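First up is the structure itself, then whatever we jot down about it.
The values are calculated or read from the model by the stated rules, or taken from the named source; none is laboratory data. Note that this is a predicted model, so its numbers are computed, not measured. For neighbour counting, all protein chains shown are included, and Cβ atoms are generated from backbone atoms with ideal geometry for every residue, glycine included. Accessible surface is based on the protein model in full, side chains and every heavy atom, while ligands, DNA and RNA are left aside. Shrake-Rupley method; radii C 1.70, N 1.55, O 1.52, S 1.80 Å.
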Amino acid sequence: MDGALLTSFRSFQLESQVELREHLDNLATELCRINENQKVALDLDPYVKKLLNARRRVVLVNNILQNAQERLRRLNHNVAKETARRKTMLEASGVFASRSPSKP
């Protein structure tokens, strides 16, 4: 994956994760508000806890993805550096020097 594509993917992934966390937070807040305003006693606490647990898992997965993407970025950078180093070495040894065409 090239650098621009990786950056674009990471940006999209981060946006999605932030949006999902916000939706989960809003839903948990709304459930708490509904629970407080109900005249009939409905126990929404288990659902709020499930939402908060889901949010925690989303954050955890997001952190794992960010770490994996950072490792991939560093690996890609190191591969590019090594490729450039080897190319320089080969050019210095004359392997890539322009050769005259063979005469039959």
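Odds and ends about this structure:
- Among (1) at pLDDT 75 or above; (2) surrounded by 11 or more Cβ atoms within 10 Å (Cβ to Cβ); (3) not polar (S, T, N, Q), the one test that residue 46 misses: (2)
- Candidates 23, 77 - the one that is open to solvent by 60 Å² or more (accessible area, probe 1.4 Å), out of contact with any helix residue (DSSP H, G or I) (no Cβ under 7 Å at 6 or more places or on another chain) and closer than 23 Å to residue 4 by Cβ: 77
- Taken over region 56-74, the criterion of being open to solvent by 70 Å² or more (accessible area, probe 1.4 Å) and closer than 15 Å to residue 27 by Cα is satisfied by 56 alone.
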